[in-house]
Amino acid sequence: MAERDGVLSTLERRSPTLYLIAAVVMIVFLVNSALRTYQGTSYPAIQQFIAPAGFLIGLVGLMGLYRPLSDRARRLAQVSLAVAVLSALNWTAIVAAGLLETAGSIPENATFQAITGVLALFSMVFAYGLFGVTSMQTGAYRRVISGFLLLEAVTFVAMVANSAASLGAPVLIFEASHFVAYLGLGIAHRGVDTQADRADPTADPTV
């Protein structure tokens, strides 16, 4: 238990930095998509494993928000963390496969990409949605942080809707939204003393 708390405490301190790193990766992702859209050129490695690594880094930063939420809504925070961990494992598989495909060690597998792609979309909706709702409900973090968490969840909802309904919205819109969410989380949470920002813990609303 102490070891787990130590890891979560470290992630809590590193969360803003992790989100700033993820924001930089999202800029690279956005530029690559713009090149593909407007010039017909792009770098496959960015799509295959660099951008997925950015989402993975963001999820690790998301886990760093767990402890203050757990103080106020333990069960809901535990569910949120579990979904984030499952999503991170899925992104880890995507990154690993992308690296091996780029190196030519394995061929591209359409079935694997389809399954992990669907899991990525829906797990990100629930991971960021649950963290955002829990943060908003408990007041463990400032509303601006809750807002950026929900923005990322809504971005993935919009991506699902865009794909399912064939709306044809430019992918650059979604990638720009990822960047705004991650940069916002990195800046808004940077230097925040969560212990000072929190009021006395309220009763767990799930009890």
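Quick notes on this structure:
- MRE, 222 nm, helices only [DSSP H, n ≥ 4, -39500 (n - 2.57), over the chain, to nearest 500]: -27000 deg cm²/dmol
- The ellipsoid equivalent to the alpha-carbon distribution of segment 3-193 has semi-axes of 28, 18, 16 angstrom, derived from the gyration tensor eigenvalues as √(5λ) and listed largest first.
- Between helix 2-38 and the chain there is an angle of about 30 degrees, using the helix long axis and the longest principal axis of the Cα atoms.
- The long axis of helix 110-138 is offset from the longest Cα principal axis of the chain by roughly 30 degrees.
- Helix 143-164 axis, angle to the chain major axis (alpha carbon atoms, nearest 10°): 30
- Distance from segment 150-193 to segment 54-107 (C-alpha centre basis), Å: 16
- Ligands, DNA and RNA aside, LEU18 has an accessible area near 30 Å² when probed at 1.4 Å.
- Near MET124, once Lys and Arg are set to +1 and Asp and Glu to -1 for all other residues with Cβ below 14 Å from its Cβ, the sum equals -2.
The values are calculated or read from the model by the stated rules, or taken from the named source; none is laboratory data. Keep in mind that what you see is a predicted model, and the values were worked out from it rather than measured. Don't worry about glycine lacking a Cβ; one is built from the backbone with ideal geometry, like all the others, and counts go over all protein chains shown. Surface areas here come from the heavy atoms of the whole protein model, side chains and all, with no ligands, DNA or RNA. Shrake-Rupley method; radii C 1.70, N 1.55, O 1.52, S 1.80 Å.
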